[in-house]
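Only one structure is covered here, and it is reproduced in the block below.
The values are calculated or read from the model by the stated rules, or taken from the named source; none is laboratory data. Everything quoted here is computed from the prediction, not taken from an experiment. Quick reminder, even Gly has a Cβ in these numbers, built from the backbone with ideal geometry, and neighbours come from all protein chains shown.
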Amino acid sequence: MADKEEIQSGWAAASPALGPIPAIYVPPSPVPADRRDRHASIGGTMTDIPAELAYSQDHMWVRSDAGSGLVRIGVTDFAQQSLGDVVAVTLPAPGEEVAAGEPSGDIESVKSVNDLVPPVTGTVRARNEGLAAAPDLVNTDPYEIGRASCRERV
């Protein structure tokens, strides 16, 4: 065990195996405690996870449009936060058949390029053309204006 003199001279504790362990000084933050953001993340905070959506293991979501037989598909807020700034999105063309679990496009960010893997099989009826000109819509609102496409479920 370390004696008082050893601790007072800058050693915080003593380990039987390692000997004296030095103290580490961490200066106080210049930002007052009540103004610090304790939960900062890349894309902001995820405050609302829509409960009416179905989610896949590939971080895609599916929303059924009641009565139309169509589903809307997009990437989750978690995925867009993990990717960082999205710089390009490639989606399948309308009329193209896509299979669940098979890559049918990609999403490129400043960090990486990842496959878009649809959670459902079907025919693409429409795609979000706005993503070609403004792929950062995925970061802004992944559940509405940043959605990927609309498909007819098989």
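Some points to look at:
- The one condition in (1) surrounded by 14 or more Cβ atoms within 10 Å (Cβ to Cβ); (2) under 19 Å from TYR143 (Cβ atoms) that GLU129 fails to fulfil: (1)
- Annotation: of all residues in region 72-90 being more than 12 Å from the chain's Cα centre (by Cα) and surrounded by fewer than 22 Cβ atoms within 10 Å (Cβ to Cβ), the one that is modelled with the lowest pLDDT is ARG72.
- For region 56-104, filtering for residues that are within 15 Å of GLU144 (Cβ to Cβ), in a loop (DSSP other than H, G, I, E, B) and acidic (Asp, Glu) leaves 1.
- Candidates in region 145-154 are the residues that are of a type in the set (Gly, Ala, Ser) and in a loop (DSSP other than H, G, I, E, B); of these, the one that is nearest to PRO50 (Cα to Cα) is GLY146.
- Residues being surrounded by 18 or more Cβ atoms within 10 Å (Cβ to Cβ) and not aliphatic (A, V, I, L, M) - total across region 91-111: 4
- Matching residues, region 54-71, being buried (at least 16 other Cβ atoms within 10 Å of the Cβ) and not hydroxyl-bearing (Ser, Thr, Tyr): ASP58, HIS59, MET60, TRP61, VAL62, ARG63, LEU70, VAL71
- When VAL138 is tested against (1) surrounded by 21 or more Cβ atoms within 10 Å (Cβ to Cβ); (2) at pLDDT 90 or above; (3) more than 15 Å from TRP61 (Cα to Cα), just one condition goes unmet, and that condition is (3).
- Considering ALA79, ALA93, ALA100, ALA88, the condition of being touching an Asp or Glu at 6+ places or on another chain (Cβ under 9 Å), among the small types (Gly, Ala, Ser) and without any contact (Cβ under 8 Å) to a residue 60 or more places away in the chain is satisfied by ALA88 alone.
- The set of residues in region 111-144 being part of a helix (DSSP H, G or I) and either at positive phi or β-branched (Val, Ile, Thr) (or both) consists of VAL138, THR140.
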